[in-house]
1. Scan the range 185-210 for residues that are within 16 Å of the ligand (Cβ to nearest atom) and assigned to a loop (DSSP other than H, G, I, E, B) and jot them down.
2. Residues Arg76, Arg89: which one is of a type outside the set (A, V, I, L, M, F, W, C), open to solvent by 20 Å² or more (accessible area, probe 1.4 Å) and farther than 19 Å from Asn139 by Cβ?
3. Hey, does the range 77-91 have a residue that's under 17 Å from the mean Cα position of the chain (by Cα), at pLDDT 95 or above and of a type in the set (Ser, Thr, Tyr)?
4. On the given criteria, is Asp9 in a helix (DSSP H, G or I), more than 12 Å from the ligand (Cβ to nearest atom) and at pLDDT below 95?
5. Read through the list (1) in contact (Cβ under 8 Å) with a residue 40 or more places away in the chain; (2) in a loop (DSSP other than H, G, I, E, B); (3) within 16 Å of the ligand (Cβ to nearest atom), then give the number of the only condition that Pro182 fails.
6. Would you check which residues across the range 217-228 are of a type outside the set (S, T, N, Q), open to solvent by 50 Å² or more (accessible area, probe 1.4 Å) and either away from the ligand (no atom under 13 Å from the Cβ) or in a loop (DSSP other than H, G, I, E, B) (or both) and list them?
7. Every residue in the range 172-191 that is open to solvent by 30 Å² or more (accessible area, probe 1.4 Å) and out of contact with any His (no Cβ under 6 Å at 6 or more places or on another chain), please.
8. Please verify whether Leu200 is over 24 Å from His42 (Cβ atoms) and among the aliphatic types (A, V, I, L, M), treating the condition exactly as stated.
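The values are calculated or read from the model by the stated rules, or taken from the named source; none is laboratory data. Just so it is clear, the model here is predicted, and its values are computed rather than measured. Neighbour counts run over all protein chains shown; Cβ positions are idealised from the backbone, glycine included. Surface accessibility is based on the protein's heavy atoms, side chains included, excluding ligands, DNA and RNA. Shrake-Rupley method; radii C 1.70, N 1.55, O 1.52, S 1.80 Å.
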Amino acid sequence: MVSLDRTADQLDPAFVPTHVAIIMDGNGRWAQQRGQPRLFGHRAGTENLREILRACVEFGIKILTIYAFSTENWGRPPEEVRGLLSILRNVIDRELEELNREGVQLRHIGDLSRIPDDLRQKVLSAIERTADNDRLIVNVAFNYGGRAEIVHAIQEIVRDGHSPEAITEELVSHYLYTSNLPDPDLIIRTSGELRVSNFLIWQSAYAEYYFPNVYWPDFNREELLKALFHFAERDRRYGKL
Ligand code: FPP
């Protein structure tokens, strides 16, 4: 059993996941509970990212992937889509300098071709600006879908003329957006929903899942610590005995 009163100094570094990925779910319900519009929840969800990034560094996590916008999210009302695009823009404008100072390396997975030109340029220049940082990799999934990623990889594999015999798991992994990152060890989905929702479906083959019963804006350092203690107790066998 994971007791609630354990502190960070009781974490065994050998059992801290290298790569944590998060489906930041429940912003809408969190806002609704407060009688506020959904975007209020997304903004609150952006605020607690700061605490989570700091906690990742403190706990020794090296890579954090966050699901900020899925390929399916285009189907939300235009106002919400506009709001999520503008959150991405504001986060880069307001936070880039500090993230860079703190040694965060920003990356992106997904398809940037569908987002406005100026925002795409902003994302690309933030990636370039932080490329040499190595304290924490923050990998933002924006306009990302796991199936779309696999389709894109197959298209590129065919375009590059690989023969059927040359197609291995390693080759496919190499063509994914995450090609130079290790697979996630731990995937967290907040809000109590027990679904994968097209997130890192290839890369999650051996990931541990954790589904805390809190909405994303309430997922804080303590909640992350709890997730890490749960992870440390999992017995990862990778299909072996
Ligand atoms: C899911 O909650 C959340 C999203 C679709 C957006 C997540 C985005 C952020 C937290 C903002 C951070 C963004 C960047 C670019 C750093 P939901 O809206 O599906 O909530 P619900 O299930 O309660 O309706």
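1. Initially, the range 185-210 is screened for residues within 16 Å of the ligand (Cβ to nearest atom), giving 187-200.
Result: Thr190, Ser191, Gly192, Glu193, Leu194, Arg195, Val196, Ser197, Asn198, Phe199, Leu200.
2. Answer to the check: Arg76.
3. Within the range 77-91, the first condition is being under 17 Å from the mean Cα position of the chain (by Cα), and the residues that meet it are 84-85, 87-88, 91.
From what is left, the residues that are at pLDDT 95 or above are 84-85, 87-88, 91.
Applying the additional criterion that residues be of a type in the set (Ser, Thr, Tyr) yields none.
No, every residue in the range 77-91 fails to be under 17 Å from the mean Cα position of the chain (by Cα), at pLDDT 95 or above and of a type in the set (Ser, Thr, Tyr).
4. Answer is yes for this residue.
5. Against the list (1) in contact (Cβ under 8 Å) with a residue 40 or more places away in the chain; (2) in a loop (DSSP other than H, G, I, E, B); (3) within 16 Å of the ligand (Cβ to nearest atom), Pro182 comes up short only on (3).
6. Those that are of a type outside the set (S, T, N, Q), open to solvent by 50 Å² or more (accessible area, probe 1.4 Å) and either away from the ligand (no atom under 13 Å from the Cβ) or in a loop (DSSP other than H, G, I, E, B) (or both): Arg221, Glu222, Lys226.
7. Ser173, His174, Tyr175, Tyr177, Ser179, Asn180, Asp183
8. On the way: over 24 Å from His42 (Cβ atoms): no; among the aliphatic types (A, V, I, L, M): yes.
Against the criterion (over 24 Å from His42 (Cβ atoms) and among the aliphatic types (A, V, I, L, M)), Leu200 does not qualify.
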